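The values are calculated or read from the model by the stated rules, or taken from the named source; none is laboratory data. None of these values were measured; they are calculated from a predicted model. A quick note on method: Cβ atoms are made from the backbone with ideal geometry, for glycine too, and the neighbour counts reach across all protein chains shown. Surface areas here come from the heavy atoms of the whole protein model, side chains and all, with no ligands, DNA or RNA. Shrake-Rupley method; radii C 1.70, N 1.55, O 1.52, S 1.80 Å.
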Amino acid sequence: MKYFMTFSYDGSKYKGYQKQPRVKTIQGEIEKILKTINNNEKVSISASGRTDAGVHAFNQRAHFEMSIQITPEKLKHAMNSLLPKDIYVKNIEEVNDTFHARFNVKAKEYLYKINMGEYDPIEKDYVYQYGKKLDIVEIERALKYLEGTHDFKSFTKADEEKEDYVRTIVQTNLIRDVKNVNKITISFLGTGFLRYMVRNIVGTLIEIGEGKYRSEDIIKIIDAKDRRKAGITANPEGLYLKDVFY
């Protein structure tokens, strides 16, 4: 039987989503539990995409197949009773054999959280502790230049060789925290994202907020198709996969 799962996780204690030998990963922990439930038969999960070490997810999605017969509700309960407390299965449903959690994705939404105020040790793993004022108006202007379909080669890993760097960012937003003026959240809704793309964009936006670039310089950076022309890679802890759409 093929299942489709929605799950959330705190990525602060993991070396990313993707399974790797001899290190703790989200995929590795989930597959270990599923193997136990599946009468000790290996289960491989295919997610909508991977997240880096320290990155979190509100609604990651994945599919997998089990050889045992178990209802989605019982499977959800069994998984949550065995998984570490920083991974939680929110929903499981049965899907047909043609469904694929990665290839059927239509859009994804990411959030990036920044604290411009005093360092907060409680939130150090969940909000980027930048600790200085940024020009929010310039960042908002720059975000609008990113919307639309562009070649985002300037914002991916320098040695990431792909045939196609064109992606579409459908919508961006900068959300001010009404309870704390020093906290902002930047959101990106797009049809797809390259490796480190959001973190590299945010790093560039931070440098725009610092006055190192003007908002309209984003256009030149995109056109350059050169990672060296963009800003720093923002820290992972502020990044969240908010949702995946099908």
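Of all accessible surface on region 120-223 at a 1.4 Å probe, what whole percent is carbon and sulfur?
Values: 2540 of 5240 Å².
Carbon with sulfur: 49 percent of the solvent-accessible area.
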| query | Do the alpha carbons of any pairs in 113/229; 144/220; 85/179; 24/108; 108/144 sit beyond 22 Å of each other, and which pairs? | reply | 113/229; 85/179; 24/108
| note | Whole-number value, in Å³ per residue, for the convex hull of the alpha carbons of region 132-246 is 109
| field | Per-q log10 I(q)/I(0), the chain, q = 0.09 Å⁻¹ (Debye; single scatterer per alpha-carbon; no solvent) | value | -0.42
| said: Could you derive backbone 3J(HN,Hα) for region 18-24 from the dihedral phi with the Karplus parameters 6.51, -1.76 and 1.60 (θ = phi - 60°), listing whole Hz in sequence and x where the residue is Gly or Pro? | reply: 5, 4, 9, x, 6, 9, 7
| note | With residue 16 itself left out, Lys, Arg at +1 and Asp, Glu at -1 over residues whose Cβ is under 10 Å from its Cβ give +3
| task | State in Å² the accessible area per residue of region 1-103; use a 1.4 Å probe, count heavy atoms of protein chains only, and round to the nearest integer. | result | 52
| Per-residue HN-Hα couplings for region 142-152, Karplus 6.51 cos²θ - 1.76 cosθ + 1.60 at θ = phi - 60°, whole Hz, x for Gly and Pro? | 5, 4, 5, 5, 7, 5, x, 9, 9, 8, 9
| Could you name the aspartates and glutamates in cross-link range of residue 183, using Cα to Cα under 14 Å and dropping any fewer than eight places away on the same chain? | 118, 120, 123, 135
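Loop only per DSSP, at most 15 neighbouring Cβ atoms within 10 Å: give me the trypsin sites (Lys or Arg not before Pro) in region 127-159, ordered by residue number.
Sparse-neighbourhood loop trypsin sites (Lys or Arg not before Pro): 132, 133, 157.
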| task | Answer rounded, prolate or oblate for region 1-110, using the Cα gyration tensor with square roots of eigenvalues a ≥ b ≥ c: rounded when a/c is under 1.5, else prolate when a/b is larger than b/c, else oblate. | result | oblate
| Distance in nm between pseudo-label sites at residue 133 and residue 180 (7 Å out along the Cβ direction from Cα) | 1.9
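From the Cα gyration tensor of region 81-177, with a ≥ b ≥ c the square roots of its eigenvalues, which class applies: rounded if a/c is under 1.5, or else prolate if a/b is larger than b/c, or else oblate? The partial results should precede the final answer.
Numbers: a/c = 2.11, a/b = 1.17, b/c = 1.80.
It comes out oblate by the Cα gyration axes.
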